[in-house]
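See structure below.
Just so it is clear, none of the values below were taken in a lab; they were calculated from the coordinates. Keep in mind the model is a prediction, meaning the values are calculated, not measured. We place every Cβ from the backbone using ideal geometry, glycine too, and count neighbours over all the protein chains shown.
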């Protein structure tokens, strides 16, 4: 059994219109949300073996705020993950060695949200009475984390191939609705 963690970067700054999108930094709220998410990940025992991260500044800063890890994950910054569509994210996962038990992607919407929805089995997509499914169906906010259980090798992961274990957002961690 594998574990897939999908983490959207925390809130980034829009202070300067001159800053290229790839170079936007986290804003103070985003830094706080990433710190909250790290505490939640520790409390839940979520520690990936492999971390695939977009090379955008906001994703790298989000990842930096999740450190240090108890063990040392393999971290692979990847240009291809910048604003990647779900097909690219899935192709990237297909290349992960099956010896990696837990993989985390730190990336962007809409690709992460679309990938997360595609991994749900068809019957789960219709079963929105479960809170994590209902929350995920509404969107994938900045700083949110989806955890999936994956029963197939990474190379065979496809549509409907995941079971949503939990979906956690910074707003939920802050005690908001």
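What the table below lists for this structure:
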{"quantity": "Neighbour-count order for 147, 47, 131, fewest beta carbons within 10 angstrom listed first", "calculated": "131, 47, 147"}
{"quantity": "Using a Förster distance of 25 Å, the FRET efficiency for residue 165-residue 114 (Cβ separation, nearest 0.05)", "calculated": "0.85"}
{"quantity": "Using alpha carbons only: equivalent-ellipsoid semi-axes of the chain, gyration tensor based, whole Å", "calculated": "23, 19, 16"}
{"quantity": "Sequence of 96, 165 once ranked by neighbouring C-beta atoms within 10 Å, starting from the fewest", "calculated": "165, 96"}
{"quantity": "Antiparallel content of DSSP bridges confined to the chain, in %, to 5", "calculated": "45"}
{"quantity": "Computed over the chain: relative contact order in percent, which uses C-alpha pairs under 8 Å that are six or more apart", "calculated": "31"}
{"quantity": "Expected 222 nm ellipticity per residue - DSSP helices of 4 or more, -39500 (n - 2.57), all of the chain, to 500", "calculated": "-10000 deg cm²/dmol"}
{"quantity": "Gaussian network model of the chain, Cα within-10 Å springs - most flexible of 37, 78, 104", "calculated": "78"}
